[in-house]
1. Could you give the length gained by full extension between A91 and T354, i.e. 0.36 nm per residue of separation minus their alpha carbon distance, to one decimal place?
2. Using a cut-off of 15 Å between beta-carbons, work out the net charge of the residues near A285 (Lys and Arg +1, Asp and Glu -1, A285 not included).
3. Calculate the FRET efficiency for Q284 and L50 from the Cβ-Cβ distance with a Förster distance of 25 Å, rounded to the nearest 0.05.
4. Carbon and sulfur together cover what percent of the accessible area of the range 110-151 at a 1.4 Å probe radius?
5. Assuming 0.36 nm per residue, please report the length gained on full extension of the stretch Q345 to S182 beyond their Cα-Cα distance.
6. Sequence-distant or interchain residues sharing an amide H contact under 5 Å with I183, placed H: which?
7. Residue by residue, what Karplus-based ³J(HN,Hα) values in Hz, rounded to whole numbers, does the range 378-389 have, using 6.51, -1.76 and 1.60 with θ = phi - 60° and x for Gly and Pro?
8. So what are the ³J(HN,Hα) numbers for the range 333-341, from phi and the Karplus equation (6.51, -1.76, 1.60; θ = phi - 60°), rounded to whole Hz, Gly and Pro as x?
Amino acid sequence: MPYDSEFASGDSLWRLVESESVKEFQGVVRHGGPEQVADPPSTLSPPRGLDRITRIIVIDGSTVTSAVRIGYPGAEAALLQLAAVIIDLAALRDIPLASIPRPSTMRGMEDCRTLDAVLPGRNVVRRDVADDTPERYFRFTIHQMLSGRRVDRDHETLIETMRAITPPRQGFRCPVSDCENSIPALEGAGVCPCERKEPVFETDSLRLHERFEDHGSSAQAYTAARQVVEHLAMVNIMRFFERCNWWSAFRTTAFVMDGPLAIFGMPAWLKHHVQAEVGRLHAQALSRGGDGVMLFGVEKSGMFLEHLKALDQSDFEGPRARLRPGLALAPDRTYTHRHIALRPQDAKPHGDVTDYGRRVLYKNRLGQHSVLMTPIVNDEGQDRDCIDEAAFPRLGEALDVMDEFSTYLYEDGFVPLVRAHAHAAIPLKAGIGLLTELFADE
């Protein structure tokens, strides 16, 4: 590793050029551009123009991580914030498309609920707990955050939502790295029977602590915690609709996630239960004469979006000129494995462990690109080889919303996500300043 401000001089290049490892390397980058696609993904043509959606509930979260420059070197903490923003579409539709509304106008058509937490990192412990460790404090904080936070006053806590949608998780391992004990299902907190008598929490089953770092940044643990909060909050709101018997509201409400309908990393096991709960609520809404749940995630980056951009590249006319506006494409497993995520054709579907939604590549009527994910709520959606419209519930309405509320303010921008991000995003400088203040008296 170089010193600060020390740069490579190139003295080692001649050795690398002549090395056997460079000469023997066989890897190639697979080309997946439009010239390689003989048969593009199948086109979807769901019913459009139903105009039933009157509100959008957008879920978005953010984290800011900062070193705490007091005491032990490398001490770290993070701010986590989640926003659930309800947008009145009737009021939004009254704003002329060419105008930029005032912030006060936007605030008048929104209702926002936020959750926040401070997550400790390496070399941060509780001042009033003897022999505390940073990882134990992190696990305690995760449990406190899910146990004590509600999207709104009358909602379940997030841990109550987690308990409701997941069966008791038997046998998660003690979080102490060298303890092999299996912890039986518990609510709240308990103690491992090991010699250390380590405190354990039911949220340890999420395994977020396995990405906690004693010798580096715990950014992966913070990101995993944020995605757990985001997806539990979405289910929490849907369950509140059910408890209030607001089945008609499912017809007129679109739930939008900033990002994919997927849970990655150590808590990915939660994906199956989120999928099952969304499917249950969808079936309940259908049984009451409704249209089911309308939920979709929007991916603003990633290989599926990059592939859509490549498909829309024309050798003669340039970018965004090959596909017609309003085109929705559904890549099945074979297409995905061949052109997007290189895998054997008979391999498990891409995203099988993490995704509870199916992707649609969309070029909207203004020529902007997006990747939508609709939830897996039926057998058609579960079959990754199936590209029937039934596999993509209420897709036409989702595409209409994407068309109507796209914005040129940002490339491939979508107004509800812009507004949710405004409420959820933590300005970097202010966030670091707040973390610094928290430790100023240490």
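The values are calculated or read from the model by the stated rules, or taken from the named source; none is laboratory data. The shown structure was predicted, so the numbers you read here are calculated from the model rather than taken from an experiment. Reconstructed Cβ throughout: ideal geometry from the backbone, glycine too, with neighbour counts over all protein chains shown. These area figures cover heavy atoms from the full protein model, side chains too; ligands, DNA and RNA do not enter into them. Shrake-Rupley method; radii C 1.70, N 1.55, O 1.52, S 1.80 Å.
1. Extra length available between A91 and T354 comes to 91.1 nm.
2. +3
3. Calculated transfer efficiency: 0.75.
4. 41
5. 54.9 nm
6. Here G171, F172, R173, C174 satisfy the definition.
7. Listing the rounded values in order: 8, 5, 4, x, 5, 7, 5, 8, 8, 10, 5, 4 Hz.
8. 4, 4, 5, 4, 5, 8, 10, 10, 10
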